[in-house]
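Encoded as structure tokens, the structure appears first; notes follow it.
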Amino acid sequence: MSQLELITKYMTTVLTKDNTGHGTDHIMRVLALADKILPNEPDADAFIVHAAVLLHDVYDDKLYDSEADVIAAKNAMISFLLSIGVDPEKIEAITDIIDNMSWSHSLENATHLTLNGQIVQDADRLDAIGAIAVVRAITYGAVKNRVLYDPSVPPRIAKDKATYRSNDSTTINHFYEKLLLIKDKLNTDTARAIAIPRQQFMLDFLSEFKAEWSLEK
């Protein structure tokens, strides 16, 4: 098996039971999106992009109960990569992308990503907008016992990770607090083009949802 095949197998083992919208189906969609961007970015390192995509949720703190669990998951991943012969410099590049690509990280400590990181970030963020993103947002909100919608609760734009991760907003507000903001934060021309119809789908969904909620339709 190639290193990427082994990494895929490792990722599947770690994420196969995920029920928050960050499981293997999400990873494979992000991989396909990265492969749409890569041909237009010839200076990128395809191995680092693919590996970072495959592993970017393996130690995501949203999926663990404690910081200690996150650290353990990260260390286990690094040990695995070393065990299959991935160069330590490439491992450092992969972990640097994973550690700095998230939306919550960018709220307080935005880090300039390499081209490889920008591609991974764009591919991941594209899966957070559009039709599947609507389902993922509702799924995640349900898992976290978040209220679906409350017209009396206005959206708030979080300035820090703690506020962003707090559970005092609603699933529908999440569209205004993050998902609708993604299109203008993308790095590559390819991602920006893919985002246009996905953005419109979310706007149409929200318009229809609110109309039905208020019995206007």
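The values are calculated or read from the model by the stated rules, or taken from the named source; none is laboratory data. Model, not experiment: these values are computed from the prediction. Virtual Cβ from ideal backbone geometry, glycine too; neighbours counted across all protein chains shown. Ligands, DNA and RNA are excluded from the accessible area calculation, which covers all protein heavy atoms including side chains. Shrake-Rupley method; radii C 1.70, N 1.55, O 1.52, S 1.80 Å.
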Mind checking which pairs have a first residue in the stretch 119-138 that is touching a residue at least 12 places away in the same chain (Cβ under 8 Å) and at positive phi and a second that is small (Gly, Ala, Ser) and assigned to a helix (DSSP H, G or I), Cβ under 9 Å, 6 or more apart or different chains? Gly130/Ala195
Restricting the search to the stretch 177-217, which residues are closer than 14 Å to Ile129 by Cβ and of a type in the set (Phe, Trp, Tyr)? Phe201, Phe205
Per the filter on the stretch 77-89, residues in contact (Cβ under 8 Å) with a residue 60 or more places away in the chain and either touching a Lys or Arg at 6+ places or on another chain (Cβ under 7 Å) or loosely packed, with under 11 Cβ neighbours inside 10 Å (or both) are Gly85
For residues that are touching a helix residue (DSSP H, G or I) at 6+ places or on another chain (Cβ under 9 Å), open to solvent by 30 Å² or more (accessible area, probe 1.4 Å) and part of a helix (DSSP H, G or I), tally how many sit in the stretch 1-24. 8
Residue list for the stretch 39-62, filter: in a helix (DSSP H, G or I), over 13 Å from Lys74 (Cα atoms) and at pLDDT 95 or above: Pro39, Asn40, Ala46, Phe47, Ile48, Val49, His50, Ala51, Val53, Leu54
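Here's the yes/no breakdown for (1) under 18 Å from the mean Cα position of the chain (by Cα); (2) at pLDDT below 95; (3) open to solvent by less than 40 Å² (accessible area, probe 1.4 Å):
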site: Ser66; (1), (2), (3): no, yes, no
site: Asn75; (1), (2), (3): no, no, no
site: Ile97; (1), (2), (3): yes, no, yes
site: Glu108; (1), (2), (3): yes, yes, no
